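Some notes on the structure that comes next.
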Amino acid sequence: MAKRRKVAVPSADDLNQIEERFRRETSPRSGMAPISQISADAALASSPLDVESRAASAKLQADSDALQSLRSEGRELLAIPLDQIDPRAMIRDRTLINADEMKELKDSIEAHGMRLPIEVFRRETTEANDAPYGLLSGFRRYNAVRELASKSDDSKWLKITAIERDPEALGGAITAMVEENEIRSNLSHFERGRIAVVAAQQGVFANTEDGVNKLFAVASKAKRSKIRAFALIFEELGDLLIYPEALKERDGLRLANALRNGAEADLRDVLSRGTFENAEHEWIALEAIIEAQEAQSRKDPARGGRPAGFAAKPTWQGDTRVLSSGVTLRHAHDSNGHMIRIGGKTLDKDLIESAIEHLAYLLEKPKD
């Protein structure tokens, strides 16, 4: 019978000798850790965190995920120094800022803080001193905070709350700016026409027509027609008009019609020779030329309204007038007044609005 070997527990010295021999015999390029290191790593991995530590770690991860989501969706609020934002990095649609409204806004921000952040976009800067951000929307809010910063020692006014946007994702920086101002504080007719012309001149759009259609895509055909009229005024008289924002809608349409009918030279002449104290005096001078042109158009219909080659004359069917387009007009009246009933398959809301606008122009037209 073979003798059984007695198994002895190795001492600490024996373990150290075994480990030392293991280090000598193991290639350093094998990547294997010493026995003691492996034991330490295993012990560390097996040590569970306490409940509070695990909860804090989970909250930190959730906050990190939420911040990343806000950033990717363009909803992260930033505190940006005023001098890092260029308010004129792009052409603006607003030409005037009402002083009373500006004071009211500044007082509100000073008392309650700025409740609505501005919007900025990252610029491709070439100079070291260029502002890294351009202002997309919030021109009035930016100027209000800048005025507060210039008159106060409080460092809180040196920064402004902002959201960084991707202008291309919003359909273009200019379109986004116009939409913001249309929603928050309506632009004047002249401002709408001007921004379409300037954007087209800078190559943003193919031409003014394209600019109007894309900047005001949600507007009705009748409204876009009015904007084109004021765009024409800016193109032909914008360098001479002193009070263009004061032009009323009806007056602007009359002025645009006079320009289309050849009154540009006379209008430019009266503007270049006159010195006007206010918008009313400027309009009186313009209206004299417009009335002369309208009177001439009434005497010579070929100069005034529709272009040459207009469709054949309408015909009558009983008490109904039938136009070449298929539209029918029927007149009736009762004790309440006159009525015109308009029918036809080609009619839509925009066309009716345009017809009403023209009818209003005719009925308000000055008599000879």
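Rule-based calculations on the coordinates, nothing more; no lab input. None of these values were measured; they are calculated from a predicted model. Backbone-built Cβ (ideal geometry, glycine too); neighbour counts: all protein chains shown.
Descending by average beta-carbon neighbour count within 10 Å, the peptides 239-250, 189-200 line up as 189-200, 239-250, the highest first.
Taking a point 7 Å out from the Cα of ALA279 in the direction of its Cβ, the residues of the range 98-138 whose backbone N falls within less than 13 Å of it are 98-99. With the simple model of a label 7 Å out from the Cα in the direction of the Cβ, ASP166 to ILE340 spans 5.0 nm. With the highest mean first, a sort of the peptides 151-157, 282-288, 114-120, 218-224 on other beta-carbon atoms found within 10 angstrom per residue produces 114-120, 282-288, 218-224, 151-157. Amide H contacts of GLY238: none lie under 5 Å away among residues 5 or more positions distant or on a separate chain (H built 1.01 Å from N in the peptide plane; Pro and chain starts excluded). In plain terms, the chain from ASN129 to ALA206 could stretch by 24.4 nm, reckoned as 0.36 nm per residue minus the Cα-Cα distance.
Close amide H partners of LEU136, meaning residues 5 or more places away or on another chain with modelled amide H under 5 Å apart, are GLU119, VAL120, PHE121. Here each label is just a point 7 Å from Cα along the line to Cβ, and for ALA292 and SER354 those points are 3.2 nm apart. Once the Cα-Cα distance is subtracted from the 0.36 nm per residue extended length, the GLU245 to ALA56 segment shows a gain of 62.2 nm.
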